[in-house]
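Peer 1: I'd like to ask you about the structure that follows.
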Amino acid sequence: MVFSIDDDIAGILLFDLGVALAFMALANLTHPKNAMERLTFSAMTAMSLALYLAWRVADTMPVFELTAESLWAYIYFTFEATSIVYAIASVLILCRTSDWTAEADAAQKELEACGRHPSVAVFICTYNEPIHILEKSVICARSMDYPNFRVYVCDDTRRTEVKEYCEKVGVRYITRPDNRHAKAGNLNNALQQTNKGDPSELIMVLDADFAPQANFLKRVVGLFRNSRIGVVQTPQFYFNSDPIQHNLRLQNSFVDDQRVFFDTFQPAKDAVECAFCVGTSFVVRRAVVNEIGGFPHDALSEDMLLTYRLMERGYITRWLNEKLSVGLSAEGIPEYITQRTRWCLGTIQIGLLRNGPMWRGHFTLTQRFHYLHGLLCWLSKPFILCLLFAPSIYWLFGISALQADELLFMKYGISSLFVFWIYSAWVSGQRTLPLFTEVTHALTALPVTITLFQAARRPFGRPFKVTEKGGDRSTVRVHLPTAFFFAAVVALSAASVLGTIFTWDAPNDLSGREVLNLVWAVISMVIAFVSLLVCIELPRCGREESITMNMAGKYRTGGRINDVAIRAMSVEAVDVASLAPSGAEDEAIMIPEVGWVPILGSAGTAGLSIAPTFEQRIDILTLLFRVAPENVAESGRFKRSMVSLFRRAFVE
């Protein structure tokens, strides 16, 4: 069929394009590190969002009636308004940022000059992680370049093999008879046992899959010269791709979904002393933990609650925005979802505590505002479901989510969306990308929404679920519940589009409302389709993630030795350019700082399978993680991501 769009719609779309081009030019002419430019761009973005919200409130809401049309309009607006308020709050928070690199430099020099290094107890928390996961944290923690620390492996599953491994590598082993209070209980057990005798001044906490780099403590400990600092927190980085990056082949062109939070929001929160602990790769004063009665366990998010308990006593969490450790991201969709629903419920629980930041706790208005901002992040998730289903509801039942002048919506709504997209990419250093960022939010929208309803009925009493890592990922998996959901959205959206364009009674001239809902249905279908692709989990190579590098080595076979270039490596495999195993008895590769390591054969796409000794395995881990590797993208590239997506969807 052939249809036309009237001149008024074309004019509005040209207006939206003009706004987008103007703000793209502004983004290219300014820099988020310039305080005034950051404040100006933030203010303009907040005003754009506020203008759209004001228009929605003043001009678009129907008279409230107990009809499907009225109820759906108000339900949609309630969740939309929640998301817009969250977006405005985010922009206000991002008006400022902090950078403590210079302070860390000065503190490190002072520490080294005075020769006094405060003692540190390193607690590595483990719950059922296999040794090949745990060893990275243990070996790298043991190898830190700091003169006064002890490493304790806090095993909450009482495993003999872990105890024996700790004895073999020379670190201390702590366990307990039960798992009461989950991770917080594990930490408190270690706290009580190490409070005896000559306790350390500071405690460093690591999850079992996080490897600190050699200078971690030197960069962090000196900051405690400020007596108000209770915790120094560093960001989480990952040496593997998360499920979205991996399943869409985006590990080199799009960031993991927490980069914006760690790299952009936490420094902004720190600017007003409202950054919070994130559970691993942090150091805390032992005295302040003892002062509050130990690590708090009243909520699933014990890390965030630690910050709020210390806030009440005047201590702050300092955010040192440096890459000082790397860990394993959630490897599969079930684990990815489990993490986010636990964080959601934990945030809600903190707010519901009688002495929490929403009630009687001793907090400032700024601290309460920052807590509410975090809560709004989760409360805005149901709006994504509304966005996905709204066009299908219109085409199937004739009920519109937006009972407003469609031309004005295109003017105010689409232009403010463009402004927010451009601002988000600008302020985050290209860590957000249209479509891909929406997919990261859509992926957890349904489980988080279910969690919100469950929390409304019973917010407390659910067990702590550990994120499983290190399992077998050698085959294709499909997360059926999530896949079925997005398949349904794709089917409904596609039916809406096809039914509008290709049926015998399809109109030749589309009204503004029909154009809006047609485009909306296409966008919903695309987001759902990409999310569906993420649910088809692609295999990962071996148990170990190879670390990308560029290192010179030597290769020996049949008595001959040749120079080679090592492109990637793990404790199980080495990827050498243009080299296949020969099968010779003396075949081996010489790795700098490790020595000659026997080659067993092919490791598939990972390269050559190797058989290091126990000591060589330790040397390889130390070599790989002495400096935090850059194994995945830390900023986004839209064109490259779209090419990867196309190949994933239609070629592979």
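Peer 1: Please give the solvent-accessible surface of GLU615 in Å², to the nearest 10, using a probe radius of 1.4 Å with every protein chain present.
Peer 2: Accessible surface of GLU615 is approximately 120 Å².
Peer 1: Here's something else I'd like to know. If one takes the longest principal axis of the Cα atoms in the chain, at what angle in degrees, from 0 to 90 and to the nearest 10, does the Cα axis of helix 365-379 lie?
Peer 2: 70
Peer 1: Relative contact order of the chain: what whole-number percent is it, with Cα pairs under 8 angstrom and at least 6 residues apart? Walk me through the intermediate numbers first.
Peer 2: Values: 1119 pairs, mean separation 116.1, N = 652.
After rounding, I find 18 percent.
Peer 1: Sticking with this one: What ranking of VAL466, VAL260 comes out by heavy-atom accessible area, probe 1.4 Å, highest first?
Peer 2: Numbers: VAL466 50, VAL260 30 Å².
Final ranking, largest accessible area leading: VAL466, VAL260.
Peer 1: Let me ask something else. Can you send over the solvent-accessible area of ARG286, 1.4 Å probe, protein chains only, in Å² to the nearest 10?
Peer 2: 10
Peer 1: Between the helical axis of 68-93 and the dominant principal axis of the chain, each derived from Cα atoms, what acute angle in degrees is found, rounded to the nearest 10?
Peer 2: 50
Peer 1: Additional query: Suppose every Lys and Arg Cβ carries +1 and every Asp and Glu Cβ carries -1, with no other charges. What dipole size does the chain come out with about its Cα centre, to the nearest 20 debye? Walk me through the numbers before you get to the answer.
Peer 2: Details: 60 positive and 64 negative charges, 360 e Å.
Result for the chain is approximately 1720 debye, rounded to the nearest 20.
Peer 1: Can you classify region 105-220 as rounded, prolate or oblate using the Cα gyration tensor, where a ≥ b ≥ c are the square roots of its eigenvalues, rounded means a/c under 1.5, and otherwise it's prolate if a/b beats b/c and oblate if not?
Peer 2: Numbers: a/c = 2.19, a/b = 1.62, b/c = 1.35.
Prolate shape, in that a/c is at least 1.5 and a/b is the bigger ratio.
Peer 1: How much accessible area does THR234 have with a 1.4 Å probe, in Å² rounded to the nearest 10?
Peer 2: 0
Peer 1: Do the sum for the chain: with -39,500 (n - 2.57) for every DSSP H run of n ≥ 4, divided by all residues, what is the mean residue ellipticity at 222 nm, to the nearest 500 deg cm²/dmol?
Peer 2: On the way: 22 runs with 317 residues, N = 652.
Computed ellipticity for the chain at 222 nm equals -16000 deg cm²/dmol.
Peer 1: Using a 1.4 Å probe on the protein chains only, how many percent of the accessible area of the chain belongs to carbon and sulfur?
Peer 2: Working: 16440 of 27840 Å².
It is 59 percent, rounded to a whole number.
Peer 1: Of LYS136/LYS183; LYS163/LYS196; LYS269/LYS469; LYS136/LYS218, which sit over 26 Å apart, Cα to Cα? Intermediate values should be presented prior to the final figure.
Peer 2: On the way: LYS136/LYS183 20 Å; LYS163/LYS196 21 Å; LYS269/LYS469 30 Å; LYS136/LYS218 20 Å.
Cα-Cα > 26 Å for LYS269/LYS469; rest within.
Peer 1: What accessible area per residue comes out for the chain, rounded to a whole number of Å², with a 1.4 Å probe?
Peer 2: On the way: 27840 Å² over 652 residues.
Averaged over the residues of the chain, the accessible area is 43 Å².
The values are calculated or read from the model by the stated rules, or taken from the named source; none is laboratory data. As the structure is a computational prediction, the values presented were derived from the model and not from experiment. Methodologically, a virtual Cβ is constructed for each residue, glycine included, from the backbone with ideal geometry; neighbour enumeration extends over all protein chains shown. All accessible areas refer to the heavy atoms of the entire protein, side chains included, with ligands and DNA or RNA removed. Shrake-Rupley method; radii C 1.70, N 1.55, O 1.52, S 1.80 Å.
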